[in-house]
Amino acid sequence: METLYHQTNKQIQEVQSQMGRLETTDRQSVHLLENELQARIDQIFNQLERLEILASKEPPNRRQNAKLRVDQLKYDVQHLQTALRNFQHRRYAREAQEREREELLSRSFTTNDADTSIPIDETLQFNSSLQNAHRGMDDLLGSGSSILSGLRDQRSTLKGTHKKMLDVANMLGLSNTVMRFIEKRASQDKFIMMAGMLATCFVMFLVVKYLS
């Protein structure tokens, strides 16, 4: 199990390093890097399933600690998956806006009486700006949804980790003071997560109200 654990941890660190290249990779190659990162993330998820099985077969005195280590790896790779999806969503929205802007600029409008071309009028420009604003709002809502989904996944992982930490603490005979500290820290993490979710919803509400 140790060999597979260290191998998986190393792969997660490599993916984290490569994620930083997404913003600097040219448009022609960025989708190839995205596919490569997604393939590596999928491979890590498969290895985590094997690690969970191996952790459950560890001796009783090592089993809880092994499961905690696997949960930490799972938390890290879930964070990477959410970050990759958010980047892809932003890229798709940006490319769609660029295509539509190029199509609008390439069109020509003529009068009924002559073949003279006229530029795009203010009404068309306003409609284009309004469409871009709606797409920006959709992009923000999609990113917010992905963030909330990631927070829910992380909360589920943290709850399981917290329970296992308490089990380990009971096995090791830690003092009541340490136990209360662990529970207090878990409650603080929960409030921080809820505050982050409320702040995200509030910002999304303001954006929708402003754009409307």
Legend entry - Condition check for Gln97: farther than 20 Å from Glu2 by Cβ, modelled with pLDDT of 85 or more, outside any strand (DSSP E or B) and of a type in the set (S, T, N, Q): yes
Legend entry - Scope the range 55-74; condition touching a helix residue (DSSP H, G or I) at 6+ places or on another chain (Cβ under 7 Å) and of a type outside the set (Gly, Ala, Ser); matching residues: Glu58, Arg63, Gln64, Asn65, Lys67, Leu68, Arg69, Val70, Asp71, Leu73, Lys74
Inset, instruction - Please verify whether the range 9-19 includes one or more residues that are open to solvent by 60 Å² or more (accessible area, probe 1.4 Å) and in contact (Cβ under 8 Å) with a residue 60 or more places away in the chain. - result: yes
Legend entry - Scope the range 53-68; condition crowded, with 16+ Cβ neighbours inside 10 Å and charged (D, E, K, R); matching residues: Arg63, Lys67
Legend entry - Verdict on Gln81 being open to solvent by 70 Å² or more (accessible area, probe 1.4 Å), touching a residue at least 24 places away in the same chain (Cβ under 8 Å) and not acidic (Asp, Glu): no
Legend entry - Of all residues in the range 20-52 being touching a residue at least 12 places away in the same chain (Cβ under 8 Å) and more than 29 Å from Arg91 (Cβ to Cβ), the one that is most open to solvent (accessible area, probe 1.4 Å): Arg50
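The values are calculated or read from the model by the stated rules, or taken from the named source; none is laboratory data. Worth saying up front: this structure is predicted, and the values here are computed from it rather than measured. Note that we place each Cβ from the backbone using ideal geometry, even for glycine, and neighbour counts take in every protein chain shown. To get the accessible areas, we keep the full protein, side chains included, count just its heavy atoms, and leave off ligands, DNA and RNA. Shrake-Rupley method; radii C 1.70, N 1.55, O 1.52, S 1.80 Å.
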